[in-house]
Amino acid sequence: ITKGDVQRWVDERRQAWKDKNKTVRIQPATVVTEFVTLSAIFREAKKRGYIHENPCRGITLPRVNNKITRCLSRTQEKDLLNACSDQLRPIVQTALLTGLRKGELLDLKWGDLDFVQKVLTVIHGKGEKMRHIPIIPELEVVLQDVPRHVGKGEPSPYVFNNPETGSR
């Protein structure tokens with residue numbers, strides 16, 4: 001089996017259909033998954049000395065777009081918030097109102113919030129990029145209700161913290 005054979009197989013799989021009526025095309029992610037399995041087989045064959053070179057090296061694969069936008073319905077959002085404990089509810093509400101990731105929420109400090117300018121600053125976002133998110137009125141109400149003091153009444157730098165330790 002040559003590199004050309006493997007490339008032809010990948011190209012044919014990219015054009016293949018799941019059913020004979022040609023209504024469902026095989027997705028690029030499926031082709032990549034199948035290719036990874038094939039490459040692993042050849043890698044093991046090389047390790048055992050059956051072949052001298054993995055013919056999967058240097059093959060051009062289809063681009064995979066796994067970006068899926070998921071939005072909760074109003075009912076799902078309401079059910080989610082009703083299922084939250086009192087301590088978890090403001091975290092979930094903030095996530096819903098801002099789109100912040102879990103790590104960004106847990107790293108959020110009071111110094112990152114500017115209630116005068118109505119801006120929340122994410123210092124270390126994905127890819128270490130800083131970004132600014134507007135504080136809408138609903139979010140401001142949620143954040144203003146979060147207790148700033150923990151344990152023995154000492155302030156925590158974190159917006160969402162462990163009430164006993166003050167840590168994130």
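A Gaussian network model of the chain, with springs between Cα atoms under 10 Å, assigns the largest mean-square fluctuation among I68, I123, I133 to I68.
Provide the FRET efficiency to the nearest 0.05 for the K102-V24 pair, computing r from the beta carbons and using R0 = 35 Å.
Result of the calculation: an efficiency of 0.50.
Taken about its Cα centre, segment 14-168 carries a charge dipole of roughly 1200 debye when the Cβ of each Lys and Arg holds +1 and the Cβ of each Asp and Glu holds -1. Computed over protein heavy atoms with a 1.4 Å probe, the accessible surface of the chain works out to 73 Å² per residue.
Counting lysine pairs in the chain that sit 8 or more residues apart in sequence, or on different chains, and whose Cα atoms lie under 16 Å apart gives 5. Of the residues S156, S85, S39, the one that moves most in a GNM of the chain with alpha-carbon contacts below 10 Å is S39. Take the Cβ atoms of A45 and W17, set R0 to 35 Å, and the FRET efficiency comes out at 0.70. With the helix formula -39500 (n - 2.57) applied to DSSP H stretches of n ≥ 4, the chain reaches a computed 222 nm mean residue ellipticity of -12000 deg cm²/dmol. Each of G49, V119, V64 was scored by the projection of its Cα onto the charge dipole of segment 1-136, and the greatest displacement toward the positive side belongs to G49; charges sit on the C-beta of Lys, Arg, Asp and Glu. Pick out the long, greasy-scoring helices in the chain: whole DSSP H runs spanning 27 Å or more along their own axis by Cα, mean Kyte-Doolittle at least 0.0. Counting only whole DSSP H runs, the qualifying helices are 28-47. Residues whose amide H comes within less than 5 Å of that of V119, counting only those at least five positions distant or on another chain, are D114, I135 (H built at 1.01 Å from N in the peptide plane).
Fully extending the segment from H124 to L72, taken as 0.36 nm per residue of separation minus the present Cα-Cα distance, adds 16.1 nm. For segment 112-168, the gyration tensor built on C-alpha atoms gives an oblate shape. Its axis ratio a/c (a ≥ b ≥ c) is at least 1.5, and a/b is not larger than b/c.
Here is the P(r) of the chain: all C-alpha pair distances, binned every 10 Å from 0, give 9, 24, 19, 13, 18, 15, 4, 0 in whole percents.
What is the sum of charges, Lys and Arg at +1 and Asp and Glu at -1, for the other residues whose Cβ falls under 15 Å from the Cβ of H52?
+4
The values are calculated or read from the model by the stated rules, or taken from the named source; none is laboratory data. This structure is a prediction, so every number in the text was calculated from the model and none was measured. Note that each Cβ is placed from the backbone with ideal geometry, even for glycine, and that neighbours are counted across all protein chains shown. These area figures cover heavy atoms from the full protein model, side chains too; ligands, DNA and RNA do not enter into them. Shrake-Rupley method; radii C 1.70, N 1.55, O 1.52, S 1.80 Å.
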